[in-house]
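Written below as C-alpha cells is the structure these notes are about.
The values are calculated or read from the model by the stated rules, or taken from the named source; none is laboratory data. Keep in mind that this is a model prediction, so the values were computed, not measured. So basically every Cβ, Gly included, is an ideal-geometry build from the backbone, and we count neighbours across all protein chains shown. Just the protein is used for accessible areas: all its heavy atoms, side chains included, with ligands, DNA and RNA removed. Shrake-Rupley method; radii C 1.70, N 1.55, O 1.52, S 1.80 Å.
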Amino acid sequence: MVDTDTGPGPGRGVLPAPVRGRLGAVAGLAALVVLGLGVLYGGDSGPGRLDARVWGLLGEAGTSWRAVAEAVDFLGEPVGAAALVLGTVMGCLLLRRPRAAVLVVAGSGVAVLATTVLKSVVGRTIHGGYLAFPSGHTAFLTAYALVTALLVTGRLGLGRTAGPSLVLAAGAAAGAVMGWAQIVLGAHYPTDVLGGWFTALAVVPATAWLVDRVADTARPGGR
C-alpha cells in the first residue's frame, strides 16, 4: 500500500508544520495544568470548591438530560470507543494514509494510558474508592477529536491560524460534551474532567510528532 502521508504536498505527515509550534506550546502548558491539578487534588475523596460551584450551576437541569449523557458516555466505553477508532482507521486506510491510521490508534490509546497511570499516582477517589482524576472518558474523546482535526488540517493544508484554531476548537467541543456527560452522570468531579481534557491536549501533539519522527526515519533510503 502506498503511504500518501509521506508524499509531497499539504497532506504530508500527521503534525503539519503550520500547527506544530503552537500545539507544542499548548501541550507544554496543558502538562503543567495537569501537574498542578494533580498536586492540588492528590489523595482527596471529595469535591473541591470549583466542583461544588459547577454542580450548583447544573442543578436539576443536568439530570433531566441523563439519557443523552448516557449516550455520550457510551462513546468512551470500550465498545463505543473501539467502534469510533476502528471506523476512522478503516477510513484512513481506504484513503491510503497508514500513518494517519497509526495516529488514530496511538493518539487515543496514549491519552487513555496516561489517565490510567495518573489515576494511580494522584489517588483521588469518588464514590467510596473509585479512582477519579483525570477522567479517561474525557481524555479519550478529546484525543480522538484532536487527532481527527489534525488529519483534516493536514489534508486541507490549513495555515498557522486556521489549523490550530480547528484543532483546538474540535478538542474543546469534544471535551465539553464528554465532560458534561461525566458530571451529569456523577462519574467524575468537574475538575477530573478538566484533568482529562488537559491530559489529551498534552499527549496528542507529542504522539503525533513521534509518529511522524518514526515514520520518516523508517522510510526507505531516508527519503
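Over the chain, give the accessible area per residue in Å² for a 1.4 Å probe, as an integer.
Spelled out: the 1.4 Å probe surface of the chain, per residue, equals 48 Å².
Considering the options Tyr144, Met178, Phe198, tell which one lies farthest towards the positive end of the dipole of the stretch 132-223, charges being +1 on Lys and Arg and -1 on Asp and Glu at the Cβ, about the Cα centre.
Of the options given, the answer is Tyr144.
Which residue, Ser64, Gly91, Gly42, has the largest displacement toward the positive end of the dipole of the chain when charges sit on each Cβ (Lys, Arg +1; Asp, Glu -1)?
Comparing the listed Cα positions along the dipole, Gly91 ranks first.
Rounded, prolate or oblate: pick one for the stretch 60-178, where a ≥ b ≥ c are the square roots of the eigenvalues of its C-alpha gyration tensor, a/c under 1.5 means rounded, and failing that, prolate if a/b is larger than b/c, else oblate. The partial results should precede the final answer.
Values: a/c = 1.83, a/b = 1.64, b/c = 1.12.
The shape class here is prolate.
Just one of (i) 7, 29, 33, 19, 8, 3, 1, 0; (ii) 7, 31, 35, 22, 5, 0; (iii) 9, 33, 33, 18, 6, 1, 0 is P(r) over Cα pairs in 10 Å bins from 0, in percent as worked out from the coordinates here. Which one is it?
(iii)
Where the accessible area of the chain is counted over protein heavy atoms with a 1.4 Å probe, how much of it, in %, is carbon and sulfur?
Working: 7520 of 10770 Å².
Carbon and sulfur atoms account for 70 percent of the accessible area of the chain.
Sorted by accessible area (1.4 Å probe), largest first, how do His127, His137, His188 line up?
Numbers: His127 125, His137 40, His188 15 Å².
Sorted descending by solvent-accessible area, the residues read His127, His137, His188.
Helix-only mean residue ellipticity at 222 nm, the chain, DSSP H runs n ≥ 4 weighted -39,500 (n - 2.57), per residue, nearest 500. What is it? Mind dumping the intermediate values first?
Numbers: 8 runs with 164 residues, N = 223.
The per-residue figure over the chain is -25500 deg cm²/dmol.
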